[in-house]
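Student: Here you go, one structure.
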Amino acid sequence: MGELFGEYALFVAQLITILALLLLAGSALVALGRRSEPTDAIVVRHLNRELEKQADVLRRAVHGKAGFKKLVKERRARDRKKARDIDAKPRVFVIDFKGDLRASAAASLRHEVSAVLAVATEKDKVLVRLENSGGTVHDHGFAASQLERIKRRGIPLIVAVDKVAASGGYLMACVADRIIAAPFAVVGSIGVLVQLPNFNRLLEGKGIDFEQVSAGRYKRTLTMFGKNTDEAREKMKEELEEVHELFKRQVAEHRPQVDIEQVSTGEHWYGANALERKLVDEIASSDDWLLEAAKEHEIYLVTYKRRRHLLERVLGSAEMLLSR
C-alpha cells in the first residue's frame, strides 16, 4: 500500500511539474509577443501605386523588356505632372470592415473614421468594403453610428458588399448613400432572432435545483437553467418586436425607396434579387469599382492596426469559428 501511495505521489509531482513548465512557457510566449507587437497606429496604403505595380508584372511579360522600358519612361513623365496636381484630384478613402457576432472591428472603425474625417472634404468619397453576417444589436448599432458620422459631414459614403451584409451587417450597409453588391452577395435578413437552449428538465432529472433571485418584474425573462413561463416568452417576443421596429425605421430612414414591409420579413436575397427590391443600387464587385475610380481619384486604404494580446486573438478566433 505504501509503495502504491509513493508511485501516486510521484505521478502527481510529475504532473504538477509539467503544468508549471507549460505555464512558464506560455507566459514567456505572451511576454515575447507583447514586446514584438507594434503599437496601435493608423496605417495608410496608396492603392493607385499598388494597382500599377500589379499591372506592371503583366506589362513586362506582354511588351518585353524594351517595350516595358518605354512604357515606364512615358509613365514617369505623366507622374511628374500628376505629382504637381495630386492635391487637386479628389480622393477615395477605403475602409475594410469584417464583422463578427459582437462587431468587434468597430473598435478600429471609430479610429479609421476619425482619421478620414480629419482629412476628407466634400469632394472626396469613402468606400467601406463590408463583410458582416450580423450579431448583437447594440454592437452593430454602434458600428452603424460610426458610418453615420461620415454622412453627417456631407462626404459621399459607398458600401461595397462582395460576400455578405445581412442582419446587423445590413443595419450598417443601409446607412450608405450608395450600396454596390456582387452578383451572389447575400443581402437583407432584416429581422431579429434570439435562441437559447434550456437545461431545466436535465437538471431536474439529475436532482439539481436552480435558484435565481432578481429585483424587477422583467429583470430576467427567458433563462437557460430555470423553468421558462409563457409570460416570460411573451415579454421576450415583445422586446424582439420593438428591436425589429427600430431596425425597420433605420432602413426606411436611409433608404426611403425600399418597400420596408416587403423586405423586413427576415429573408435574405442574392445581389440581383436584392437590386430588384432596391436593397442595393448596383451590381458590381469592389475591385471593379476601385479600378474605375482609380482613373480619376487618388485612392488610400486606411487601416487602424490594433494590438491584440494572445488571449484576445484566441478568443476572437473561437468566436469567428462559432459565427461560421
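Student: If you take the residues of region 185-204 that are loosely packed, with under 11 Cβ neighbours inside 10 Å and farther than 16 Å from L101 by Cα, which of them is modelled with the lowest pLDDT?
Tutor: Residue satisfying both the conditions and the ranking: R201.
Student: I've got another one for you. Examine region 270-286 for a residue that is farther than 22 Å from H140 by Cα, within 29 Å of the chain's Cα centre (by Cα), of a type in the set (D, E, K, R) and in a strand (DSSP E or B), and state whether such a residue exists.
Tutor: yes
Student: Please tell me if V116 is touching a residue at least 12 places away in the same chain (Cβ under 8 Å) and part of a strand (DSSP E or B).
Tutor: no
Student: A further question follows. Which of the residues belonging to region 126-143 are under 23 Å from V94 (Cβ atoms) and touching a residue at least 40 places away in the same chain (Cβ under 8 Å)?
Tutor: L127, V128, R129, L130, N132, S133, G134, H140, A143, listed by residue number.
Student: So, one more: Sort out for me the helices (runs of 4 or more DSSP H) sitting completely within region 132-244 that have 1 or more residues that are closer than 18 Å to V263 by Cα.
Tutor: By residue number, 168-173.
Student: On the given criteria, is V251 buried (at least 16 other Cβ atoms within 10 Å of the Cβ), under 27 Å from the mean Cα position of the chain (by Cα) and hydrophobic (A, V, I, L, M, F, W, C)?
Tutor: It is true that V251 is buried (at least 16 other Cβ atoms within 10 Å of the Cβ), under 27 Å from the mean Cα position of the chain (by Cα) and hydrophobic (A, V, I, L, M, F, W, C).
Student: Moving to a separate point now. Name the pairs whose Cβ atoms lie under 7 Å apart, with the first residue in region 222-238 and under 13 Å from Q195 (Cβ atoms), the second surrounded by fewer than 15 Cβ atoms within 10 Å (Cβ to Cβ) and charged (D, E, K, R), and 6 or more positions between them or separate chains?
Tutor: Within 7 Å, the pairs are L222/R233.
Student: Over 17 Å from the mean Cα position of the chain (by Cα) and either of a type outside the set (S, T, Y) or under 17 Å from A106 (Cβ atoms) (or both): is that true of D139 in this structure?
Tutor: no
Student: Next question, about the same structure. Which number in (1) within 30 Å of E242 (Cα to Cα); (2) surrounded by fewer than 24 Cβ atoms within 10 Å (Cβ to Cβ) marks the one condition that V128 misses?
Tutor: Of the numbered conditions (1) within 30 Å of E242 (Cα to Cα); (2) surrounded by fewer than 24 Cβ atoms within 10 Å (Cβ to Cβ), the odd one out for V128 is (2).
The values are calculated or read from the model by the stated rules, or taken from the named source; none is laboratory data. Remember, predicted model here, so these are calculated numbers, not experimental data. Methodologically, a virtual Cβ is constructed for each residue, glycine included, from the backbone with ideal geometry; neighbour enumeration extends over all protein chains shown.
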